[in-house]
1. Consider Gly206 against the criteria (1) in contact with a helix residue (DSSP H, G or I) (Cβ under 7 Å, 6 or more places away or on another chain); (2) under 21 Å from Gly128 (Cα atoms); (3) part of a loop (DSSP other than H, G, I, E, B): it satisfies all of them except one. Which criterion is unmet?
2. Go through the range 136-147 and give me each residue that's of a type in the set (A, V, I, L, M) and at pLDDT 95 or above.
3. Can you tell me how many residues within the range 7-46 are farther than 26 Å from Gly116 by Cβ and surrounded by 22 or more Cβ atoms within 10 Å (Cβ to Cβ)?
4. Mind checking whether some residue in the range 289-301 is modelled with pLDDT of 95 or more and of a type in the set (Asp, Glu)?
5. State whether one or more residues within the range 228-245 are surrounded by fewer than 19 Cβ atoms within 10 Å (Cβ to Cβ), under 27 Å from Asp138 (Cβ atoms) and at pLDDT below 95.
6. From the set of residues in the range 76-135 that are in contact with a strand residue (DSSP E or B) (Cβ under 7 Å, 6 or more places away or on another chain), of a type in the set (Ser, Thr, Tyr) and at pLDDT 95 or above, which is nearest to Asp32 (Cα to Cα)?
7. Scanning the range 292-312 for residues that are assigned to a loop (DSSP other than H, G, I, E, B) and of a type in the set (D, E, K, R), which turns out farthest from the chain's Cα centre (by Cα)?
8. Can you confirm whether Ser315 is closer than 30 Å to His43 by Cα, under 23 Å from the mean Cα position of the chain (by Cα) and at pLDDT below 95?
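The values are calculated or read from the model by the stated rules, or taken from the named source; none is laboratory data. What you see is a predicted model; the values in this text were computed from it and never measured. All Cβ positions, even for glycine, are placed from backbone atoms using ideal geometry, and neighbour counts span all protein chains on display. We work out accessible area using only protein heavy atoms, side chains counted, and drop any ligands, DNA or RNA first. Shrake-Rupley method; radii C 1.70, N 1.55, O 1.52, S 1.80 Å.
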Amino acid sequence: MHPEASMRVLVTGGAGYVGAVSVDALLAAGHDVVVLDDLSTGHRSAVPDGVRLETVSFGDEAAVTALLTSARIDAILHCAARSLVAESVREPSRYYRANVAGGIALLEAARQAGVGRIVFSSTAAVYGVPDSTPIEEDAPLRPINTYGETKRTFEAAMAAYGIAYGLHSVSLRYFNVAGATERLGEVHDPETHLIPNVLTAAEGHGGPLMLFGEDYPTPDGTCVRDYIHVSDLADAHLLALEATAPGDERTAQALVCNLGSGGGFSVREVLRAAESVVGRPIPHTIGPRRAGDPPILVASATRAESVLGWRARHSSLEEMIGSAWEWRQRHPTGYGD
């Protein structure tokens, strides 16, 4: 399939880490973008100058319907979500209300406005603890937390909307996003991701890094996880949006693709790579295992390559950690907002 000349894309969560990098990738490819972000966790300064930003919730059906109509949107890239696993277990109401009820409101707004194309930035958390790795897309979906469950539920809703209303959709499932572009980096509060927390420890903030468990059945005893560079994820979003074009057989049924770098890295490997990048030892301690942490989580990305033509281009830890470290050095206060 040839890429379309230009799409008008609404990016929900476009002021967040993943969403903002995807906005830049869409603009670089010649597409028009409108950002929808309530700025509860996003950053206004992450939205490029000249790009329209609407600070409303994607769950506001009336406002989103009006926006989709007035901006003549062709397709939606849905990156906005509540995404803290521990919080999702403590506060399931917030997660069902935002990710499921809000998601359905977004689908209804799209239906009212005649927008029949959506790409969902999903998660490999829908698999829970897999029977085998690398995980294939047809593996059983058994999420072990509310966050993964709400993503699984929304994926099912998109598939049902496809059967009933002709919605063309792609769900992209991935584990850990890392790295930075020249303009954009990762800033969360609280920060729950390993690589930024390793770099925070490297900067001497917040005490030593805690490694949870070193007695797993893995080569070095620490958990093995899949990582994807944020720029590679943005590329996948772009290819997936192209695959939702009217008449494209790839999305005649709801399409699901895993994304990953093709292999996992252990927590110790991440730590060693970060020490190599920053040029000094990083203080760390060993704690007990965390409940619910599987030894190995790695996704197979062969379908993404064969169907979407996608492959990770920045798959080394040194590239991911190095780009994140450079961005942090240039932006010591993050986004400053």
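1. Tallying (1) in contact with a helix residue (DSSP H, G or I) (Cβ under 7 Å, 6 or more places away or on another chain); (2) under 21 Å from Gly128 (Cα atoms); (3) part of a loop (DSSP other than H, G, I, E, B), Gly206 fails exactly one: (2).
2. If the condition is that a residue be of a type in the set (A, V, I, L, M) and at pLDDT 95 or above, then Ala139, Leu141 are the ones that fit.
3. 3
4. No, because not a single residue in the range 289-301 is modelled with pLDDT of 95 or more and of a type in the set (Asp, Glu).
5. No, because not a single residue in the range 228-245 is surrounded by fewer than 19 Cβ atoms within 10 Å (Cβ to Cβ), under 27 Å from Asp138 (Cβ atoms) and at pLDDT below 95.
6. The selected residue is Ser121.
7. Looking at residues that are assigned to a loop (DSSP other than H, G, I, E, B) and of a type in the set (D, E, K, R), I get Asp293.
8. Working: closer than 30 Å to His43 by Cα: yes; under 23 Å from the mean Cα position of the chain (by Cα): yes; at pLDDT below 95: yes.
Criteria met by Ser315.
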